[in-house]
1. Give, as a single signed number, the net charge of other residues whose beta carbon lies under 15 Å from the beta carbon of ILE100, with Lys and Arg counted +1 and Asp and Glu -1.
2. Provide the net charge surrounding ALA154, with neighbours chosen by a C-beta distance below 15 Å and charges set as Lys +1, Arg +1, Asp -1, Glu -1.
Amino acid sequence: MDDAAFIALKKKRTTLRQQVTRATTSLTTIVNSSVLQTEITAIEEDEDEAERQDSTHLTYVGKCDEAIAAARAYLTSREGEEASVVNLHDGLPVPNPPLIPITPSEAGRRNQAQQEATQREQAHKEEVAAAERKCEEIRMRAQAIWEEAEAAQAALNQLNIRQPDQDHYSS
């Protein structure tokens, strides 16, 4: 092998090593990005809280179903009997007690609370969607870097250069 070919081979090897180093550095930067990790952690915590709330809600739904079944069984067993308690209003039986009306201010407060809850839910959905888009973008960048690293490795393998011994470079 003449000197010019040997020098060209060394330059190509240096270039490939630089490409591998850049790809590795870029991938490490993406993986260790604290901003993304913070956002993902916040979303996971929100999901954990949502799961806890869902679990609590399902517990209450189950208890309500049990109470409804028990009430139906009781009413079925008492079918045909006279009522044991009669509500009286001015001496006359009242089939159902009147509902307690809510004030307009209470109705407004409830509507406002419902709107705020809906807005928080929408904001949360938008945050989740944004985080999912960022995750997908980073996954695609990582894939591109991985492919670049594989191409660099393949090019390095094509040079048919013997890999250096690990002991040669250790201190």
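Rule-based calculations on the coordinates, nothing more; no lab input. Keep in mind it's a predicted model, so treat the numbers as computed, not measured. FYI the Cβ positions are ideal-geometry reconstructions off the backbone, even for glycines, and counts take in every protein chain you see.
1. 0
2. Local charge sum for ALA154: 0.
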